[in-house]
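Coordinate-derived values only; no laboratory data. For clarity, every value in this text was computed on a predicted model and none was experimentally measured. In this analysis, Cβ positions are derived from the backbone assuming ideal geometry, glycine residues included, and neighbour counts consider all displayed protein chains.
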Amino acid sequence: MNKNEIGKVILRVILGLTFFIHGLAKFQDGISNTVGFFDILGIPGFLAYAVAVIELVGGIALILGIGTRVIGLLFALIMVGAIITAKLPAGFLGNGQMAGYELDLALLAMSIYFVMADKSVLSLDQKIFNSNNN
């Protein structure tokens, strides 16, 4: 295994863990709070459940290396939505009342990487499908 594969695994695990923890927090803090926030932003509140489940389940899947392209695409869509609907008005670094979109942009870039990347040697996708290409 080369250093690029090791880097890909580290990136995949950290991205998966980050989304997993955000999804878990949405449920632990009371999903109704997230539903209310979505409503305030003009987003249908029921989408809070979809986002939380994608973050939670998708985070685990990404850590394990299952469906990385699909999960990466879903994460990218969530990040585009978060940037446009909630973070853009606060600016890149925030406005003192709200965080900016710098983290969201980094998570978006990482997610897009996994949409385009080949399977990792250390992933369940690779083990299950035994192929170097998606």
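Taking springs between alpha-carbon atoms closer than 10 angstrom, which of D104, D29, D39 fluctuates most in the Gaussian network model of the chain?
Highest fluctuation of the listed residues: D29.
If you line up the long axis of helix 31-41 against the longest principal axis of the chain, both from Cα atoms, how many degrees apart are they, to the nearest 10?
70
Please give me, ordered by residue number, the chymotrypsin sites (Phe, Trp or Tyr not before Pro) of the range 50-134 that lie in loop per DSSP and have at most 15 other Cβ atoms within 10 Å.
When the chymotrypsin sites (Phe, Trp or Tyr not before Pro) of the range 50-134 are filtered for loop state and at most 15 Cβ neighbours within 10 Å, F92 remain.
Could you tell me which chymotrypsin sites (Phe, Trp or Tyr not before Pro) in the range 1-65 are loop residues by DSSP with no more than 15 other beta carbons within 10 angstrom of their beta carbon?
F46
Quick check: the angle from helix 47-64's long axis to the longest principal axis of the chain, C-alpha only, nearest 10 degrees?
20
Counting only pairs 8 or more residues apart or on different chains, how many lysine pairs in the chain have their Cα atoms under 21 Å apart?
Lysine pair count for the chain: 6.
Can you give the calculated 222 nm mean residue ellipticity of the chain, where each DSSP H run of n ≥ 4 adds -39,500 (n - 2.57) and the sum is split over every residue, rounded to the nearest 500 deg cm²/dmol?
Taken over the chain, the calculation gives -22500 deg cm²/dmol.
Can you check what the net charge comes to around S32, using other residues whose Cβ is under 15 Å from the Cβ of S32 (Lys, Arg +1; Asp, Glu -1)?
For residues surrounding S32, the net value is -1.
Once you've got the GNM for the chain with C-alpha springs shorter than 10 Å, pick whichever of A109, A76, A61 has the biggest mean-square fluctuation.
Result: A109 has the largest fluctuation of those listed.
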